[in-house]
């Protein structure tokens, strides 16, 4: 998973070069200071020269676009009239994040008024924001002094949202075995996914993986098994483990060669007990999410693409489903057949042989674990009327793992919403939430609101 990349655009006033010739040198170090903070927040930063005139800004935007940044962050070093930069920024395909900050934290009644010269960029930002709005260019303003860590964190979160939105709009999804019959809540035509969200779907049957699986070498299987033994607590027959690794590496090869950022499979389509594709690759579904590849079950290309985009933008996340309400404990039990991102596990996952009675396919190996406790965000992308989409978010608390002795072979987790459980479930379904969701770690509601704006879809937060 790549770090989000941003273009840092410092804005300044050419008039000052004549009347205050030393001022530019005095404010320039603030650019490096902001760059350092953004880097520490996990962003790769491309810094443009200080811009004064329209050609300066046009050159900077052209560079940012050629270097494929995810967003432009503006930094007003002084007043900069919007007429020099607004149209250039509005015409760019890149999202705009406006960092509303100054070098000095204190500008009260005791301050030397000459400090105004280094701290008056905010009205230039207001000028630019007003004109961008008039031009119809979306933007996000993040205001505050850099002594407050949340300022740069929010700025970085907006950049991550921009990266996630771009990833979704360019997502290629592999669907294996069609959609589980009758699951219509997430069912959207491939044409609508492409036309509205930019998601391109390719459909194959399980036997379409045969050539890729046959190309997997014994050495590759041995190396993958050795890696599994380091990462997981392996309690699985060697032959079962090997066949799951073999088909998993074949699937990985197919995804890599096709440039797919996400995939989904219908487990009922895996019906063969002989030949190269003789089990369901649940183990690879788990590993793929840990590598940043999106996944969702039952042929759900929509949620698979969402998982992939959020993994690429924000990191720790996993596909999940709400299974059972715990009315007494005001929590929800999360699970799925054998798919969870091991990167979010609270403890070392168990790798075991899973009984598979649904088709003649052989038993697969997969993992079982619980997600780590702490703050999280439940995310759902719901299709609506007239080819519309709604992003539903909810801040939740992931609870500690359970204690029942039979839980060790289950994908499991418990979340507690930020409101009474019954009310949460009512609101979720009144909003049309599907039964396939994403669990992201930490509170990302504000960033996901920006993500929705960039995708031009509705956002509803349950809180």
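The values are calculated or read from the model by the stated rules, or taken from the named source; none is laboratory data. Predicted, not measured: the structure shown is a model, and the values here were computed from it. Every residue, glycine as well, gets a Cβ built from its backbone with ideal geometry; the counts of neighbours run over all protein chains shown.
Couple of notes before you dig in:
- Some residue of segment 306-326 being closer than 26 Å to residue 359 by Cβ and assigned to a helix (DSSP H, G or I): yes
- Residue in segment 416-436 that is within 27 Å of residue 285 (Cβ to Cβ), out of contact with any helix residue (DSSP H, G or I) (no Cβ under 8 Å at 6 or more places or on another chain), part of a strand (DSSP E or B) and touching a residue at least 40 places away in the same chain (Cβ under 8 Å) present: yes
- Flag if residue 141 is over 28 Å from residue 38 (Cα atoms), at pLDDT 95 or above and not in a helix (DSSP H, G or I): no
- Tabulated pairs, segment 333-353, first over 17 Å from residue 365 (Cα atoms), second in a loop (DSSP other than H, G, I, E, B), C-beta under 6 angstrom, 6+ apart or interchain: 344/316; 345/369; 346/370; 346/372; 346/401
- Residues being outside any helix (DSSP H, G or I) and closer than 8 Å to residue 249 by Cα - total across segment 208-226: 1
- The residue of segment 340-356 that is surrounded by the most Cβ atoms within 10 Å (Cβ to Cβ), among those that are touching a helix residue (DSSP H, G or I) at 6+ places or on another chain (Cβ under 7 Å) and within 14 Å of residue 233 (Cα to Cα), is 351.
- If the condition is being touching a helix residue (DSSP H, G or I) at 6+ places or on another chain (Cβ under 6 Å) and free of Cβ contacts under 8 Å to residues at least 60 places away in the same chain, then segment 270-292 contributes 284, 290.
- For segment 85-119, the set of residues classified as more than 30 Å from residue 455 (Cβ to Cβ) and buried (at least 16 other Cβ atoms within 10 Å of the Cβ) consists of 102, 103, 118, 119, listed by residue number.
- Looking only at segment 64-86, residues that are in a helix (DSSP H, G or I) and touching a strand residue (DSSP E or B) at 6+ places or on another chain (Cβ under 7 Å) come to 1 in all.
- Residue within segment 239-254 that is outside any helix (DSSP H, G or I), in the same structural domain as residue 364 (by TED's automatic domain parsing) and more than 15 Å from residue 353 (Cβ to Cβ) present: no
- Residue list for segment 327-339, filter: in contact with a helix residue (DSSP H, G or I) (Cβ under 9 Å, 6 or more places away or on another chain), more than 21 Å from residue 355 (Cα to Cα) and not in a strand (DSSP E or B): 327, 329, 330
- Selection within segment 175-192 - part of a helix (DSSP H, G or I) and surrounded by 15 or more Cβ atoms within 10 Å (Cβ to Cβ): 190, 192
- Any hit, segment 163-174, residues being more than 28 Å from residue 249 (Cα to Cα), surrounded by 17 or more Cβ atoms within 10 Å (Cβ to Cβ) and either in the same structural domain as residue 387 (by TED's automatic domain parsing) or in contact with a helix residue (DSSP H, G or I) (Cβ under 6 Å, 6 or more places away or on another chain) (or both): yes
- Only one entry of 227, 212, 200, 222 meets the criterion of being modelled with pLDDT of 95 or more, exposed (fewer than 13 other Cβ atoms within 10 Å of the Cβ) and closer than 27 Å to residue 309 by Cβ, and that entry is 227.
- Members of segment 256-268 found to be buried (at least 22 other Cβ atoms within 10 Å of the Cβ) and in a helix (DSSP H, G or I), listed by number: 267
- Hits in segment 444-453 (condition: touching a strand residue (DSSP E or B) at 6+ places or on another chain (Cβ under 8 Å) and either under 20 Å from residue 342 (Cα atoms) or crowded, with 24+ Cβ neighbours inside 10 Å (or both)): 444, 448, 450, 451
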